Every structure is written in structure tokens, then in C-alpha cells.
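Worksheet: the structure to be examined is printed underneath.
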Amino acid sequence: MHAYEIPIVGVPDGALIATPELAARISDAARSALDTTLKRLEGRGAQVQGVLREGVAWEEIEHVANDIDADVIVIGTHGRRGIARALLGSVAENVIRTSYRPVLTIHGPPHGPPARAAAE
């Protein structure tokens, strides 16, 4: 499942809203990314179905879980801390706090270059 948001930027006199062309490009990119992930998972022994939703990610995860009457929600985490977490929020944290279903979090791969072993 992948959720994306069309950006809206608030300014003192109103809001800037994405043009229909930009919204279509964002939607197409989200669909392409989801399709690429689904293709990568083909033939791995489990049947996988993709769901694409526009909206706030943690809310859309809840909606999909309710729509399919999921037994459990499995969600990856990025492990962001500090400013990055404060600015970007935590989808996993919001799902955990608001879901009535069990939530299993899986820590994703580390970002950045791998740590090097100390030389002997």
C-alpha cells in the first residue's frame, strides 16, 4: 500500500494548490513506484496486491485496513530521529497510536553509507 499527498502550501493570503498537471505527475510517479515494487516482489512465494491512495498516509493505512478487515498492519520504519522526525512526522507512530488492530513494525535498512569495520 502506498499513500501520497498533493502538496498544498499555506500563505498569509490563502493557499497555493498544485496544478492539475502537477497532481497528475505526482499520481503517475506514485503509481510507477508502487508498480516497480510489486514487480520486484513477484515470484517470491506470497501473493501481493498493490493499493494506491491519495491522502494522509497514516489515515489511508487505517482506511485500507478497515476496508479489507485486516488482521494486522505491518509497516516499515525509517528510524528518523530529531529534527527529521519532528519535521516529517512518523507514519508508523501515528498508525500505532490510532489503530485498533495489532501493528507490527519492521525497521528498514539504514540510510547512508554502511559503517566500516575497524581496522586491526
Check: In the range 89-120, which residue that is of a type in the set (Ser, Thr, Tyr), open to solvent by less than 80 Å² (accessible area, probe 1.4 Å) and modelled with pLDDT of 90 or more is nearest to residue 67 (Cα to Cα)?
Finding: 99
Notebook entry, point to check: Tell me, which residue of the range 1-17 that is outside any strand (DSSP E or B) and under 25 Å from the mean Cα position of the chain (by Cα) is surrounded by the most Cβ atoms within 10 Å (Cβ to Cβ)?
Noted result: 1
Item checked: Candidate set: the range 70-88, residues that are in a helix (DSSP H, G or I) and over 27 Å from residue 25 (Cα atoms); chosen: the one modelled with the lowest pLDDT -> 86
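For the range 23-69, give me each residue that is in a loop (DSSP other than H, G, I, E, B) and surrounded by 10 or more Cβ atoms within 10 Å (Cβ to Cβ).
Our first condition is that a residue be in a loop (DSSP other than H, G, I, E, B); within the range 23-69, this holds for 42-51, 55-56, 68-69.
Within the range 23-69, 48, 50, 51, 55, 56, 68 qualify.
The values are calculated or read from the model by the stated rules, or taken from the named source; none is laboratory data. Quick caveat, the model's predicted, so the values are computed rather than measured. A quick note on method: Cβ atoms are made from the backbone with ideal geometry, for glycine too, and the neighbour counts reach across all protein chains shown. SASA here: full protein model, heavy atoms, side chains in, ligands and nucleic acids out. Shrake-Rupley method; radii C 1.70, N 1.55, O 1.52, S 1.80 Å.
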